[in-house]
Amino acid sequence: MRHGHWTAPLLALAASAPAASADAATAVRAGFGALPDGIAIEAVTLTGSNGVSARIMTLGATLQSFNAPDRDGKVADITLGYDDAASYVTRPNFWGQTVGRYANRIAGGTFAIDGRTYRLPLNDKTNSLHGGTRGFDQYVWRITDVRSGPQASVTMVMRSPAGDQGYPGTLDVTVTYSLDDKGALTIDMSAKTDAPTIVNLTNHALFDLAGEGSSGGIYAQKMTIPARRYTPVDAALIPTGELAAVAGTVFDFTTPRAIGLSVRDGRDPQIVIGRGYDHNFVLDKGATDEPGLAARVEDPASGRVLEVLTTEPGVQFYSGNFIDGTYVGKRRHVYRMGDGFALEPQKFPNTPNQPSFGSARVDPGKPYRHRMVYRVSVSR
């Protein structure tokens, strides 16, 4: 369990969203309780005319809920989490937060820029995970814009000072969530620095397309990932540097495959290491200027479909292996192993220490940008 220190929210610049026509997506801003130390949390609910809605709260710039209809029109929240802001502090886990400065793992909590080595907190045994002991998921972000219209949106910002969790450079981060009337929730992430640093931002939602807390969990849901290679990991879940072919393995999701089909297949040592899937897939599309498909998941029972798109070259698929029944989430549902999956578009884990993986470096005057999309629809 991790407990952080909290930054007080600054004065929000947008008091409310402008009025919208009946056939446009709407944005509604409201209070969302307070943290145990009294810091107020706000949330903005984006709603499309097709019944899809998303609530984003200022704590962690978090996708707190994502509601989508099934083939019969029944709407359910398909993301795991809590019903109140305080629980995200008292029972922390990654439920839809914006994670950074560096999403995923950095081996040994160290990396170098221009010959200087930087050391980060170790919060994942021998690694630094999702930004360290106080990552961006634990900040209270500031709302700067709320809009209704063809795309309802909310923009949130935060500043990470130089030396924060050991990272160099002051980093100004902006995240905008935009929802249209066709079921696409776009998340635009950008960051500017005043000194060379590394950045890798993503959203860490955990999904159950049958509805969070469903009795059957995620294992019957069918996943496709357009990736012919993945990055095997060592015992510390750090990529070995190999880009291994998925063909003929339990990692082949190039055609639809039930999540539960091989999630317990101990014949594959990678499944044993991860206690299931907790691996980065090398997307065939690579890094792109516009979002391309990273994954598609379909729930045969409800008909709900989730597509994940990204401009980044990789996506981490996590099958909820470490959810152990100690988390009591929304509507008092007890979350257990296999109750949610994450698809985290990103640069590859430990890229700063693996030159063959590319670069996560960001320099002054050259901002970091990542656009990802969660698109929901229904299969008949």
List the number of the failed condition for Lys285; all other conditions in (1) touching a Gly at 6+ places or on another chain (Cβ under 6 Å); (2) part of a strand (DSSP E or B); (3) farther than 21 Å from Leu63 by Cα hold.
(2)
Can you tell me which residue among Thr310, Thr351 is buried (at least 23 other Cβ atoms within 10 Å of the Cβ) and under 18 Å from Leu129 (Cβ atoms)?
Thr351
Would you pick out the residues in segment 113-136 that are among the β-branched types (Val, Ile, Thr) and farther than 13 Å from Tyr167 by Cα?
Thr126
Inter-residue pairs, beta-carbon under 8 Å, first at positive phi and in segment 128-150, second among the aliphatic types (A, V, I, L, M) and assigned to a strand (DSSP E or B), 6+ apart:
His130/Val99; Gly131/Val99; Gly149/Ala25
Pull up segment 88-104, narrow it to residues that are aliphatic (A, V, I, L, M) and within 24 Å of Glu312 (Cα to Cα), then point me to the one that is surrounded by the most Cβ atoms within 10 Å (Cβ to Cβ).
Ala103
Filtered residues of segment 19-66 (kept if closer than 17 Å to Ala184 by Cα, under 23 Å from the mean Cα position of the chain (by Cα) and surrounded by fewer than 19 Cβ atoms within 10 Å (Cβ to Cβ)):
Gly51
Taking interchain pairs and intrachain pairs at least six residues apart, which have beta carbon atoms under 6 angstrom, with the first residue in segment 151-164 and among the polar types (S, T, N, Q) and the second part of a loop (DSSP other than H, G, I, E, B)?
Gln151/Asp180
Test for Ala14: is it more than 20 Å from Tyr318 (Cα to Cα) and modelled with pLDDT of 95 or more
no
Pick out the one residue from Ala107, Ala85 that is surrounded by 19 or more Cβ atoms within 10 Å (Cβ to Cβ), more than 23 Å from Tyr368 (Cβ to Cβ) and not acidic (Asp, Glu).
Ala85
Kindly evaluate Ala76 against the criterion of being at pLDDT 95 or above and surrounded by fewer than 24 Cβ atoms within 10 Å (Cβ to Cβ).
yes
Given the criteria part of a strand (DSSP E or B), touching a Ser or Thr at 6+ places or on another chain (Cβ under 7 Å) and surrounded by fewer than 22 Cβ atoms within 10 Å (Cβ to Cβ), does Ser190 qualify?
yes
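Residue-wise test of (1) of a type outside the set (D, E, K, R); (2) closer than 23 Å to Ser359 by Cα.
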site: Gln221; (1), (2): yes, no
site: Arg229; (1), (2): no, yes
site: Leu237; (1), (2): yes, yes
site: Phe253; (1), (2): yes, no
site: Leu261; (1), (2): yes, no
site: Gly286; (1), (2): yes, yes
When the residues of segment 318-340 are narrowed to those that are touching a strand residue (DSSP E or B) at 6+ places or on another chain (Cβ under 6 Å) and among the aromatic types (Phe, Trp, Tyr), which ends up surrounded by the fewest Cβ atoms within 10 Å (Cβ to Cβ)?
Tyr327
Could you please find all residues in segment 220-250 being closer than 13 Å to Ile273 by Cβ, aliphatic (A, V, I, L, M), touching a Pro at 6+ places or on another chain (Cβ under 9 Å) and not in a strand (DSSP E or B)?
Leu237, Ile238
State which residue is surrounded by the most Cβ atoms within 10 Å (Cβ to Cβ) when the search covers only segment 128-145 and only residues that are more than 21 Å from Ala205 (Cβ to Cβ) and touching a strand residue (DSSP E or B) at 6+ places or on another chain (Cβ under 9 Å).
Ser128
Here the residues within segment 223-245 that are more than 20 Å from the chain's Cα centre (by Cα) and not β-branched (Val, Ile, Thr) are Arg228, Arg229, Pro232, Asp234, Ala235, Ala236, Gly241, Glu242, Leu243, Ala244, Ala245
Just wondering, is there one or more residues in segment 365-377 that are over 13 Å from the mean Cα position of the chain (by Cα), in a loop (DSSP other than H, G, I, E, B) and among the polar types (S, T, N, Q)?
no
Could you grab me the full set of residues in segment 101-127 that are farther than 22 Å from Ser178 by Cα, of a type in the set (A, V, I, L, M, F, W, C) and in contact (Cβ under 8 Å) with a residue 24 or more places away in the chain?
Ile106, Ala107, Phe111, Ala112, Ile113, Leu120
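The values are calculated or read from the model by the stated rules, or taken from the named source; none is laboratory data. These figures come from a predicted structure and were not determined experimentally. Reconstructed Cβ throughout: ideal geometry from the backbone, glycine too, with neighbour counts over all protein chains shown.
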